[in-house]
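The values are calculated or read from the model by the stated rules, or taken from the named source; none is laboratory data. Here the structure is a predicted model, which means the values were calculated and not measured. Backbone-built Cβ (ideal geometry, glycine too); neighbour counts: all protein chains shown.
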Amino acid sequence: MGDLRSDIGFVAIGRNEGGRLERCLTSLKQHSDRVCYVDSGSVDDSLALAERSNALTECLPADQPFTAARARNAGFDALLEKWPDIQYVLFIDGDCELADGFPAAARSKLEKTRDIGIVTGRCRELYPDATIYNRLAEMEWNGPIGEIDACGGIFVTRTAVFNKVGGFDVDVIAAEDDDFCIRVRQNNWRVERIDHDMCFHDADMHRFGQWWRRAVRAGYAYAQVGEKHAGYFGAPRRRAWFWGLVLPGLALLAAPFSSGWSLLLFVLYPLSFLKVLRKLVKDGAKPDQAGLFAGFLTLSKFPNLIGMLDYKRKRLLGREIAIVEYK
């Protein structure tokens, strides 16, 4: 059954993932039988798929908002209740397939380096050429190797680390993984990305509206996690305010008093695009892919700001802050 001992378990989370979930659970079962799937109110056949795979299955009650943080905590608890000898847990999303060899490589790293609390790897897009939005996701996953500040929600951690920091914060609706990593580092463990394929992700984005909603969700993350951890996400928050509100607002408001000359400020957008493009190409990206990424990165400041403002509005009015879905 693969290359692992019984000291590692797997938690997969999902909502209406369908065939992607089937591929995910199959890839996990090739490594271990210690697999827990947590479902967040799916209305497709996700639960039936999980049960047929003989995974330990948990369904989140709908009495609270569904969040990835809540699902991962529930999976961790269920996994350790059934197999209390587990020392390491790999978290994965239901739209991902686990890459061969990664769990063993991650566990080996954790065993050899005791001050590492989280190990992640390279996430690849399963169908990068299917849509431009999938291609954007592929470029987004291309993070640096070595010690990092934070990673996405797919990683291996020690059960002792998870328990020490209290798991994921269930009130964080986006970037709950960043929040978790911050608290792990605050407790003197390091986060590291190893040069090993970790998983194959299926973004399955086909429409501009899906990309926009995903960028709005990022804005929620900037606001909420930035509020919780002073200074974190500071740069993207400042960029969203400047490019999404201050610059266009100043250009338009000053137009009547400047005979329209203030509208020349909009020239700063293509200049920003060119600056990002040059950096990406310098870092090794192909010019066409760099242009695509730079263009959407420039545009993303507007949905980012919308997400930040909507989070602030709901907080001010005392309204429920629920997960932002883009699929």
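Applying the criterion of at least 1 residues that are farther than 25 Å from Cys181 by Cα and of a type outside the set (Val, Ile, Thr) to the strands (runs of 3 or more DSSP E) found wholly in the range 21-115 leaves 56-59.
Do we have Ser46 as surrounded by fewer than 18 Cβ atoms within 10 Å (Cβ to Cβ) and either outside the structural domain of Lys109 (by TED's automatic domain parsing) or touching a Lys or Arg at 6+ places or on another chain (Cβ under 9 Å) (or both) here? So Ser46 fails the test. In the range 150-163 there is at least one residue matching the filter, namely being outside the structural domain of Gly231 (by TED's automatic domain parsing), out of contact with any strand residue (DSSP E or B) (no Cβ under 7 Å at 6 or more places or on another chain), modelled with pLDDT of 95 or more and part of a helix (DSSP H, G or I).
The lone criterion from (1) surrounded by fewer than 19 Cβ atoms within 10 Å (Cβ to Cβ); (2) at negative phi left unmet by Val225 is number (1). The helices (runs of 4 or more DSSP H) falling completely within the range 216-327 that include 1 or more residues that are basic (Lys, Arg), out of contact with any helix residue (DSSP H, G or I) (no Cβ under 8 Å at 6 or more places or on another chain) and not assigned by TED's automatic domain parsing to the domain that holds Asp44 map to 234-241, 268-282, 301-317. Taking the condition of being on the phi > 0 side of the Ramachandran plot, surrounded by fewer than 16 Cβ atoms within 10 Å (Cβ to Cβ) and within 30 Å of the chain's Cα centre (by Cα), how many residues in the range 231-269 meet it? Residues meeting the conditions: 1.
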